[in-house]
Amino acid sequence: MFIIFLRSIIHDRDKSNVRPRSADEREDLAEYDEVTYDMENLTYQDTGINATEPPEKIHRGVEGDDEVEETLDWLHEHGATPPPDQSDSVSSPVTDIEEITTVEQASSSTQSSVPSTLPSSKQSLTSEPSSTTDAENTTTVTQDDAPTQSSPPSTLPSSTQRYGAQQNHSSLPDISSQFTTPSTTGLPTPIYTTSPNLNSCKLPNLDPWDPSISHLLKDVGNDPGCRGGYPLPAFDVKNNRLILTGEVNASLIDFSEVNVETIHRDNGDDGYVHYANQGNPFNALAEKFQPSNVINKSDFFVLKYKLSSGKEVTNYLARAVPQQDVIDESSRMRQKLRQQGKNKGLGLNVVMLGFDSVSAANFRRKMPKSINFLKRSLKTYFISGQTIVGDATTPALTAMLTGLYEKETPEGRQGYDNSATIDKWPWIMNLYKEHGYVTMMGEDDPTMGAFNLRLRGFEDPPAHHYARPFWLALEERYERDEPGLCSRSTFMVNYTLDYVLSYFEAYPSTPKFAFAFMSYLTHAHPNHLSYADNDIVRLLRTFVDRKYHDNTVIILFGDHGSRNDDVRNTMQGKLEERLPWLSISVPAWLEKKYPDLTSALEHNQHIISSPFDVHATLRHVLTYPEEPRGEKTQSLFRKLNYTRTCSEAGKKKIARKERLPLPLMSVFRVL
């Protein structure tokens, strides 16, 4: 058994000095390149690593672990390899505690106590001009800053200590801080934080504007340019009736030429829709404009009308129609739970808004207005240690929504024996239904959907309000542009955001759980994320203004970082892919009523976490004050161990020759 420590700072190195790796060396992880191993200080020292040179293969979004293996090969090739395995001389297995004790004794006999606090980020992340060598710097940090394993640190560094002055509840640096502006230090990333546990997973502090990727970043602004060539929508929906938006004068509309087609999901089929003609909802003979008749046959419909000029206009509309049977069933369920004494939980609504391929670093680059609103107007915790548990979107969403690895669920892959639709997976939406919640689920790209691309999808809708039919209709009728930004004059992100808002309006007194995932915007174009900045702020401000947030947890998240652009070919990009965005905003009153919960969120901001923790947190909303049972990991409403390892965050332990789909290029523990 041995522990592989990667280098704390990756240095620039001329590519001409890189020694080609032979086929034999690539095949066996036991073959090591030359490396200087400082046993006294437990660090690796190499002659320098080029932070921007990628492996030969460029990852283009195909699920699998091949490139992770190539990344490890590349790291080994540049000197970031383990020392020779000393376990051959040991006749019996060594426990984790024995291993740590042995390493500590070999490393230093003077480190006998644990400091009361960890070093601040300024101590570990910045470098003053000095003539000392890398080895001397490493020795200084190891001797002065690194805690030992005798006991966990008694106190954690505050967010101010680690990231400078900011609002007391926020761990995210200000946009103007040294960590969110273009790097002026010249130091390449990643720069790893210290850890008091030799086995714990070290989180890289990445500069979003690192020089190695600065030439690949493009500022596209905030306007997706959807209105060019198309008239503005004349109608909106209020209380299930068509009303005028104010953008178009009623005198310019021919109300005798209006038609509505509702969109419906085919029974038992997740791949097809059909349409029902509802005719003209207006009284064409009315002298003055009046709202239309009620349109409540479906959440989704196609509206066609003519202007007085003869120009035909088509709009697609999505809004949640309240279902009275769902409201009645929710009331009965909650009454039954009260009678049985099982009405536990926090009583909070939950809304989850996800972005495909959005890393924490890219969110910081592209969403400054949203971050500012999250920090200044909401009680938000930024979970900077969130990482991935597999390759691509499906593993992340499966872990979040079921608490399982995909391979642990009933077979649902297309083309496999005994495969079936995935209705029987243990979906979190079903748990919320059982607690009297009305549920909503939507993913905007139906052809690349996490549960439809490789999987067989759902026979029955997985939530009371299921947006897939709307997106299938848009695709079927080619009602979007190629980048996935616009449908005629509508920015498509707003279909999702407005649907969520209408859902909260439709059920003012019923508990709500909403999950919405947006893929079109950023799956292939990470720079396009900034187009959504203003609209995310609009949604958040609406939640505040309408007091939806008073009893709602808002979770913004990414599934992983970008996998389809040139940033992904850099060392920075590889690390960003493994560190998706996650923020959790809670009502202001929660801190006073449940200080243990908000204290845990504050504590957990800089510790490795995973989608499994998010699943446990979603269940904890329903079970509080009891903790959810049977979870792989633990809720973020409980303090995580500061010395947490990757496996404790939900990563499986792996065999020596197995491919290594680990979340961070930091510390790998190989058995």
Answer yes or no as to whether Leu404 is within 29 Å of Asp613 (Cβ to Cβ), under 25 Å from the mean Cα position of the chain (by Cα), open to solvent by less than 20 Å² (accessible area, probe 1.4 Å) and at pLDDT 95 or above. no
Within the range 425-442, restricting attention to residues that are closer than 18 Å to Gly403 by Cα and among the aromatic types (Phe, Trp, Tyr), which residue is surrounded by the most Cβ atoms within 10 Å (Cβ to Cβ)? Tyr432
Residues satisfying the stated conditions in the range 265-275, i.e. open to solvent by 30 Å² or more (accessible area, probe 1.4 Å), touching a residue at least 12 places away in the same chain (Cβ under 8 Å) and not charged (D, E, K, R): Gly268, Gly271, Tyr272, Tyr275
Run Val220 past the list (1) of a type in the set (Val, Ile, Thr); (2) over 30 Å from Arg568 (Cα atoms); (3) assigned to a loop (DSSP other than H, G, I, E, B) and report the number of the one that doesn't hold. (2)
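For Phe363, state whether it is within 21 Å of Ala616 (Cβ to Cβ), among the aromatic types (Phe, Trp, Tyr) and touching a Leu at 6+ places or on another chain (Cβ under 8 Å). Step through it out loud before you land on a result.
On the way: within 21 Å of Ala616 (Cβ to Cβ): no; among the aromatic types (Phe, Trp, Tyr): yes; touching a Leu at 6+ places or on another chain (Cβ under 8 Å): yes.
No, not satisfied.
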Could you count how many residues in the range 276-322 are open to solvent by less than 50 Å² (accessible area, probe 1.4 Å), among the basic types (Lys, Arg) and out of contact with any Asp or Glu (no Cβ under 9 Å at 6 or more places or on another chain)? 0
So Arg227 passes all but one of these: (1) in contact with a strand residue (DSSP E or B) (Cβ under 9 Å, 6 or more places away or on another chain); (2) at pLDDT below 95; (3) open to solvent by less than 40 Å² (accessible area, probe 1.4 Å). Which condition number does it fail? (3)
Determine whether Val237 is open to solvent by less than 50 Å² (accessible area, probe 1.4 Å) and at pLDDT 90 or above. yes
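Out of the residues in the range 488-518 meeting the condition of being among the polar types (S, T, N, Q), in a loop (DSSP other than H, G, I, E, B) and at pLDDT 95 or above, tell me which one is least open to solvent (accessible area, probe 1.4 Å).
The initial filter retains those residues of the range 488-518 that are among the polar types (S, T, N, Q), namely 489-490, 494, 496, 502, 509-510.
Then drop every residue that is not in a loop (DSSP other than H, G, I, E, B), which leaves 489, 509-510.
After this cut, where a residue has to be at pLDDT 95 or above as well, the list is 509-510.
Working: Ser509: 98, Thr510: 9 Å².
This residue is Thr510.
Within the range 443-452, does at least one residue satisfy the condition of being within 19 Å of Gly354 (Cα to Cα), β-branched (Val, Ile, Thr), under 22 Å from the mean Cα position of the chain (by Cα) and open to solvent by 30 Å² or more (accessible area, probe 1.4 Å)? So that I can check it myself, show each step before the final result.
We begin by selecting, within the range 443-452, every residue within 19 Å of Gly354 (Cα to Cα); these are 443-452.
Adding the requirement that they be β-branched (Val, Ile, Thr) leaves 447.
Within this subset, residues satisfying the condition of being under 22 Å from the mean Cα position of the chain (by Cα) are 447.
Imposing the further condition that a residue be open to solvent by 30 Å² or more (accessible area, probe 1.4 Å) reduces the set to 447.
Yes, that holds for at least one residue.
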When the range 572-615 is examined, which residues are found to be more than 17 Å from Gly385 (Cα to Cα), part of a helix (DSSP H, G or I) and open to solvent by 10 Å² or more (accessible area, probe 1.4 Å)? Glu591, Lys592, Lys593, Pro595, Asp596
Which numbered condition Tyr520 misses (of (1) among the hydroxyl-bearing types (Ser, Thr, Tyr); (2) within 25 Å of Pro462 (Cα to Cα); (3) over 16 Å from the mean Cα position of the chain (by Cα)): (3)
Filter result for Leu453 (in a helix (DSSP H, G or I) and not β-branched (Val, Ile, Thr)): no
Inter-residue pairs, beta-carbon under 6 Å, first at pLDDT 95 or above and buried (at least 24 other Cβ atoms within 10 Å of the Cβ) and in the range 376-399, second hydroxyl-bearing (Ser, Thr, Tyr) and in a helix (DSSP H, G or I), 6+ apart: none
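Here is a check on your reading of the model: is Ser562 more than 26 Å from Leu378 (Cα to Cα), part of a loop (DSSP other than H, G, I, E, B), among the hydroxyl-bearing types (Ser, Thr, Tyr) and open to solvent by 10 Å² or more (accessible area, probe 1.4 Å)? Walk me through how you get there before you give the answer.
Details: more than 26 Å from Leu378 (Cα to Cα): yes; part of a loop (DSSP other than H, G, I, E, B): yes; among the hydroxyl-bearing types (Ser, Thr, Tyr): yes; open to solvent by 10 Å² or more (accessible area, probe 1.4 Å): yes.
Judged against the criteria, Ser562 is a match.
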Does the range 323-335 contain at least one residue that is over 20 Å from Val438 (Cβ atoms) and either surrounded by fewer than 16 Cβ atoms within 10 Å (Cβ to Cβ) or of a type outside the set (D, E, K, R) (or both)? no
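Residue check: is Asn569 touching a residue at least 12 places away in the same chain (Cβ under 8 Å), over 21 Å from Ala361 (Cα atoms), surrounded by fewer than 23 Cβ atoms within 10 Å (Cβ to Cβ) and of a type outside the set (Asp, Glu)?
On the way: touching a residue at least 12 places away in the same chain (Cβ under 8 Å): yes; over 21 Å from Ala361 (Cα atoms): no; surrounded by fewer than 23 Cβ atoms within 10 Å (Cβ to Cβ): yes; of a type outside the set (Asp, Glu): yes.
Answer is no for this residue.
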Checklist (1) of a type in the set (Asp, Glu); (2) open to solvent by 80 Å² or more (accessible area, probe 1.4 Å); (3) in contact with a Lys or Arg (Cβ under 9 Å, 6 or more places away or on another chain) applied to Asp254, failing item: (2)
Going residue by residue through the range 632-639, is there one that turns out to be assigned to a helix (DSSP H, G or I) and either of a type in the set (D, E, K, R) or surrounded by fewer than 23 Cβ atoms within 10 Å (Cβ to Cβ) (or both)? no
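Which ranges mark the helices (runs of 4 or more DSSP H) fully within the range 319-382 that have 3 or more residues being closer than 29 Å to Arg468 by Cβ? Steps first, please.
On the way: elements: 324-339, 360-366, 368-377.
Result: 324-339, 360-366.
The values are calculated or read from the model by the stated rules, or taken from the named source; none is laboratory data. All figures in this text were calculated on a predicted structure; none of them were measured in a lab. A quick note on method: Cβ atoms are made from the backbone with ideal geometry, for glycine too, and the neighbour counts reach across all protein chains shown. What goes into the accessible areas is simple: the full protein's heavy atoms, side chains included, and nothing from ligands, DNA or RNA. Shrake-Rupley method; radii C 1.70, N 1.55, O 1.52, S 1.80 Å.
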